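To start, the structure under review is shown below, and the notes come after it.
The values are calculated or read from the model by the stated rules, or taken from the named source; none is laboratory data. Since the structure is predicted, the reported quantities are computational estimates derived from the model, not experimental observations. All Cβ positions, glycine included, derive from the backbone under ideal geometry; neighbour counts span all protein chains shown. With ligands, DNA and RNA removed, areas are computed over all heavy atoms of the protein, side chains included. Shrake-Rupley method; radii C 1.70, N 1.55, O 1.52, S 1.80 Å.
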There are 2 protein chains.
Amino acid sequence: MRPKLTDVAQRAGVSATTVSRVINNYGYLSQATKDKVFAAIKELNYQPNSLARSLHGKKTQLIGVIFPSLSNPFFAELVEQIEKRLFQADYKTILCNSADDPEKERNYLRMLMANQVDGIISGAHNLGIAEYDNVGLPIVSFDRKLSNNIPIVSSDNYHGGSLAVKELYQAGARHIYFLGSFHEAANPTDNRLLGYRAMIDQLGLSSHVHALNFKESPNLKLVSIQKLLQTKLADGIVCTDDLTALLVLRCAKELGLKVPEQLKVIGFDGTDFIQSYHPELSTIVQPIPDIAALLVDLLSKRIDQPDQKLEQLQYILPVKFLRSNSLLF
Amino acid sequence: MRPKLTDVAQRAGVSATTVSRVINNYGYLSQATKDKVFAAIKELNYQPNSLARSLHGKKTQLIGVIFPSLSNPFFAELVEQIEKRLFQADYKTILCNSADDPEKERNYLRMLMANQVDGIISGAHNLGIAEYDNVGLPIVSFDRKLSNNIPIVSSDNYHGGSLAVKELYQAGARHIYFLGSFHEAANPTDNRLLGYRAMIDQLGLSSHVHALNFKESPNLKLVSIQKLLQTKLADGIVCTDDLTALLVLRCAKELGLKVPEQLKVIGFDGTDFIQSYHPELSTIVQPIPDIAALLVDLLSKRIDQPDQKLEQLQYILPVKFLRSNSLLF
DNA sequence: AAAAATATGTCAATCGTTTATCAATAAATT
DNA sequence: AATTTATTGATAAACGATTGACATATTTTT
């Protein structure tokens, strides 16, 4: 049986009240008593039961972190950073992989409420506004517009999209395609497409969009990409993510298309993984650590001051362009 | 304010006891009452406060999942699978990234205890036996020998190591190197090295081990690999993980070494990611879904029957060899 | 009509901790 | 010596749900 507060009291030879006073640091306390109590706590390896504390209105220090996948390095690294920041802020991470399954996501929301989490960080989810509003908890969102009460953090997708085009153009590409997945809803991610179009227009080029279904397997995507590359119409491709860009590079190689001479490619995300293991890929780098830090920071504030009005609904973080061999040589 | 049990009772026009009976499904209950109560629960969107329930001895349905990293696709996929299985078993995952930091891991153990988790899945951790034994909770381990009370699940690393050598040999390699990181402790992972040595001996070859520090950055590893490849002594390399193998492939390309003609390479892990995005890499595939399923299964049993003696301390799951271009063409 | 089974309610204790209130004692200050 | 101030304790009421004991009423069975 785990020791409880009264055990500590007995061991230290003080009252339960005093032990609680020491733990919660309030009221008058002599150094001698504190020492005795801390010693007893150490000896018994005592940990206050956080269930009982939270039942009393103290925070649970639990945060639900909802993401659609971990096998995508971008989400893996983002979740890793979020967990790190949450830990530093003395929060624990309940990992909720929504797996693009609305039912699972709904279930998780229920569970999180039942577990009295202090707040939720939701990344690229797939439920409606109403269900998130019903939760009645501090929430911050990554890359998805939810409701007017939920702040959104995202990278500057628009600028990323247009920057990619500009870089391809400057490297000599004139037939620049947009390749990847995007939604119809007004998601921040779709701004990559808007940025692409804007820059295409500005440069007087014509836009070409080749859609991929996000949920499809890499092999199926590959088939679609092959079809695109075989036409040999494109000399530059803006990909909506780095993994797609890798498929393009592979496909180009198989078709004997020289990169970057005949085909220039830019990805999106720029994870550490890609930078380390595919340094040949040019990409638009999202500031993952900053995104994580901001999400945690905003959520902390929402938790500590739930009544404070939102100063800002949208937080857009700058992206960087990482030039590499897939573009110039 | 979130509705509570008494609110439901009031709404349904029954007593609190009856509501509790309905929720916990015991005692005599008419269908009519059940319907009324369920209706009230729905209307109020009521969720029993799991803190209060657990304080009564009910399980928290929380599991601590401790892993050293998410940015490594192997761990990301393993954690993803574990989360999936835990969810199916109605458990929630508290993600603990130990980040190879003993202090952080220690902190997490404390937190998990304070949060009354039902159990812990620990993957490749870095604390001593005593500290894990003190936790006094059901624990299962991945790839690390902890104590005699903690079952270990791992892949057949020994067979994987020897299989890799055998395949390289059959493909024509005679100077087969072992490249990667291993510990001095008797960790299951080190069996890859033992398997390598055994097969090397069996084939009458001589063994060559080139060590890499697991924690070093990819760039530093690359330097070390370059040094190895420049000697041109190896015509086959067994890597302890796929990421290292990718570095070898890159390095070989840069040095103008033809793969697989001059150099044959085998990795280890065989994540979906590698299979999808690096199909050219031959590798020893760990059965990630099976590992996850077994870990969750064993833990569930430990939780439900804590007094049952362990039938088995070690569970070794079979690996598969995935042949690809880095070996034969 | 009596006995048994079914259905619901009231009441109170409990889980482990927090916290307010009231007392009591010791030490420091005037 | 009187008055503050500092330090600890004892007691009890919460937090929200569970559960056992007991009472009462309604049905069903014999």
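A few notes on this one:
- Checking region A:1-24 against the condition returns no match, with no residue being away from DNA strand C (no atom under 16 Å from the Cβ) and either in contact (Cβ under 8 Å) with a residue 12 or more places away in the chain or assigned by TED's automatic domain parsing to the domain that holds residue A:139 (or both).
- Residues in region B:70-93 that are within 7 Å of chain A (Cβ to nearest Cβ), under 29 Å from residue A:276 (Cα atoms) and outside any helix (DSSP H, G or I): B:70, B:71.
- Answer residue from region A:50-63, given it is more than 9 Å from chain B (Cβ to nearest Cβ) and in contact (Cβ under 8 Å) with a residue 24 or more places away in the chain and is surrounded by the fewest Cβ atoms within 10 Å (Cβ to Cβ) among those: A:59
- When region B:69-88 is limited to residues that are open to solvent by 10 Å² or more (accessible area, probe 1.4 Å) and closer than 27 Å to residue B:306 by Cβ, the one that is farthest from DNA strand D (Cβ to nearest atom) turns out to be B:81.
- Considering region B:8-45, and only residues there that are near DNA strand D (Cβ under 7 Å from one of its atoms) and among the hydroxyl-bearing types (Ser, Thr, Tyr), the residue that is least open to solvent (accessible area, probe 1.4 Å) turns out to be B:20.
- Restricting B:181, B:155, B:162 to residues that are surrounded by fewer than 21 Cβ atoms within 10 Å (Cβ to Cβ) and of a type in the set (S, T, N, Q) narrows the list to B:181.
- Residue that is nearest to the chain's Cα centre (by Cα) [pool: residues in region B:308-329 that are modelled with pLDDT under 85 and open to solvent by 80 Å² or more (accessible area, probe 1.4 Å)]: B:325
Residue-wise test of (1) closer than 30 Å to residue B:136 by Cβ; (2) in a strand (DSSP E or B); (3) modelled with pLDDT under 95.
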site	(1), (2), (3)
B:245	no, no, no
B:261	no, no, yes
B:265	no, yes, no
B:300	yes, no, no
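- Within region B:226-243, the residues that satisfy the criterion of being surrounded by 24 or more Cβ atoms within 10 Å (Cβ to Cβ) and of a type in the set (Val, Ile, Thr) are B:237, B:238, B:240.
- Against the list (1) among the aliphatic types (A, V, I, L, M); (2) over 18 Å from the mean Cα position of the chain (by Cα); (3) assigned to a helix (DSSP H, G or I); (4) away from chain A (no Cβ under 12 Å), the condition residue B:293 fails is (2).
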